[in-house]
1. Can you tell me how many residues within the range 1-25 are modelled with pLDDT under 90 and not aliphatic (A, V, I, L, M)?
2. Only one of these conditions is not met by Ala82: (1) assigned to a helix (DSSP H, G or I); (2) surrounded by 11 or more Cβ atoms within 10 Å (Cβ to Cβ). Which number is it?
3. State which residue is nearest to the chain's Cα centre (by Cα) when the search covers only the range 37-74 and only residues that are part of a helix (DSSP H, G or I) and among the aromatic types (Phe, Trp, Tyr).
4. Among the residues of the range 26-36, what is the count of those that are within 11 Å of the chain's Cα centre (by Cα) and at pLDDT 75 or above?
5. Can you pull out the residues in the range 34-84 that are out of contact with any strand residue (DSSP E or B) (no Cβ under 8 Å at 6 or more places or on another chain) and touching a residue at least 40 places away in the same chain (Cβ under 8 Å)?
6. Kindly list the number of the only condition in (1) within 21 Å of Glu79 (Cβ to Cβ); (2) among the charged types (D, E, K, R); (3) in contact with a Ser or Thr (Cβ under 9 Å, 6 or more places away or on another chain) that fails for Arg69.
7. Taking the condition of being in a helix (DSSP H, G or I) and either touching a Pro at 6+ places or on another chain (Cβ under 9 Å) or surrounded by 11 or more Cβ atoms within 10 Å (Cβ to Cβ) (or both), how many residues in the range 9-20 meet it?
8. I'd like the full set of residues that are more than 27 Å from Tyr76 (Cβ to Cβ) and among the aromatic types (Phe, Trp, Tyr), limited to the range 1-41.
Amino acid sequence: MAKKVVMQLIFTREFPFLLCEIWGKSYNVFLGHRPKTYPRNIFVIKNALISDYRNPGLIKELQNLFFLRIKNNRMYLSEIFAEW
């Protein structure tokens, strides 16, 4: 039986739908890694507002990935932002 996931509401606001698509792909840019957590986000559109529901497991996975990247390379964040 599949594990039940309770998604957490992160925000509800005006937000371009195109950015929802880019949002998920940005993990590859920042971490060079596609998260294993699934589902990651669920976006609900209602009355011209987007609500982002996020899997709490994703937050933990990303925190661990960032920690490891920074632990192994103290200049990691500086290097990423320098590329922008």
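1. Narrowing the range 1-25 to residues modelled with pLDDT under 90: 1-5, 15-25.
This time we only want the ones that are not aliphatic (A, V, I, L, M), so: 3-4, 15-17, 20-21, 23-25.
Total satisfying the criteria: 10.
2. If we test Ala82 against (1) assigned to a helix (DSSP H, G or I); (2) surrounded by 11 or more Cβ atoms within 10 Å (Cβ to Cβ), just (2) comes out false.
3. Quick first cut of the range 37-74, residues part of a helix (DSSP H, G or I) only: 56-72.
Remaining after also requiring among the aromatic types (Phe, Trp, Tyr): 66-67.
Details: Phe66: 12, Phe67: 15 Å.
Per the criteria, the residue is Phe66.
4. Count: 3.
5. Within the range 34-84, Gly57, Ile80 meet the criteria.
6. (3)
7. First pass over the range 9-20, keeping only residues in a helix (DSSP H, G or I): 17-20.
Checking which are either touching a Pro at 6+ places or on another chain (Cβ under 9 Å) or surrounded by 11 or more Cβ atoms within 10 Å (Cβ to Cβ) (or both) leaves us with 19-20.
Selection size over the range 9-20: 2.
8. Correct list: Phe15, Phe17.
The values are calculated or read from the model by the stated rules, or taken from the named source; none is laboratory data. Quantities reported herein were computed from a predicted structural model and do not represent experimental measurements. Cβ sites come from the backbone with ideal geometry, for glycine too, and all protein chains shown count toward neighbours.
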